[in-house]
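Student: The structure is given below, and queries will be raised subsequently.
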Protein chains: 2
Amino acid sequence: MNTNTLTKSTSDIISSDKVEGTTVYNHAGDKLGTIDDLMIDKRSGQVRYAVLEFGGFLGMGTDRYPLPWNMLEYDVEKEGYVVPLDKEKLEGAPRYPHDQMPEYNRDYGRQVNGYYGVDAW
Amino acid sequence: MNTNTLTKSTSDIISSDKVEGTTVYNHAGDKLGTIDDLMIDKRSGQVRYAVLEFGGFLGMGTDRYPLPWNMLEYDVEKEGYVVPLDKEKLEGAPRYPHDQMPEYNRDYGRQVNGYYGVDAW
């Protein structure tokens, strides 16, 4: 990630390669997981969700948590994203196993965005 | 890619993992390369460019060609993207070596979009 705070003209563009693998924290400083994937509206090219990878232990697979893109804020010092979520909120959040991605249709979008209280597309 | 043409309710959302690695063709059916990366506006979450990987031979590195997202159309039968570009146009296009990504600022955006004759952001 770009951590050069001296240059004001840093790019407003980031590559998906760099977003993927970036750590996600909450405001309490807890590490919640890392971004595994981005879900993109095919027609408009708008990123709808950053998919958080979280959990997994002793060979158990990790789960995937779609987070509405607008919830993520990049923190230059942490070199990671910060989301306004406590761990309890995340534990009850919509999720799926890595190999069982649901269809990201409007119903699923409403379910996810409804849980976090942000507007669906 | 989703090739299920029987289901009308297919998702309008695609994952960056699936976009990356997808083949890009032109209207003549030539294979131009594959999508290597996506360049995303940090604030809005809008995908600005799909980065085409092209070239490379006998250990020589491949170059990267940013293509404005709007130029890409997905072709279900080809299971790939189609762009309105002949090979000559691509050969003269803005490019960079894999390990020398330029800063994607407004000037670079104007240069790329100007070459293809599509609106810059």
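Student: Quote the Stokes-Einstein diffusion coefficient, in whole µm² s⁻¹, for the range A:12-98, based on the Kirkwood radius over alpha carbon pairs, a temperature of 37 °C and a viscosity of 0.692 mPa s.
Tutor: Translational D for this selection: 245 µm²/s.
Student: Same structure, new question: Of A:LYS78/B:LYS42; A:LYS31/B:LYS18; A:LYS42/B:LYS42, which ones are farther than 20 Å apart at the Cα?
Tutor: Going by Cα-Cα distance, A:LYS31/B:LYS18 fall outside the 20 Å limit.
Student: Enter the mean number of other protein chain beta carbons within 10 Å of the beta carbon of each residue in B:13-25, as an integer.
Tutor: Per residue, the number of nearby Cβ atoms from other chains is 5 on average.
Student: Another question about this same structure. Within 14 Å, Cβ to Cβ, of B:TYR108, how many net charges do the neighbouring residues add up to if Lys/Arg are +1 and Asp/Glu are -1?
Tutor: +1
Student: What aspartates and glutamates does B:LYS89 reach when the alpha-carbon gap must be under 17 Å and sequence neighbours fewer than 8 apart in one chain are set aside?
Tutor: Within the straight-line cut-off, B:LYS89 pairs with B:ASP30, B:GLU53, B:ASP63.
Bear in mind these aren't lab numbers, they're just calculated from the coordinates by the rules spelled out. Values in this document were obtained by computation on a predicted structure and should not be read as measured data. Cβ coordinates were reconstructed from backbone atoms using ideal geometry, including for glycine residues, and neighbour counts include every protein chain displayed.
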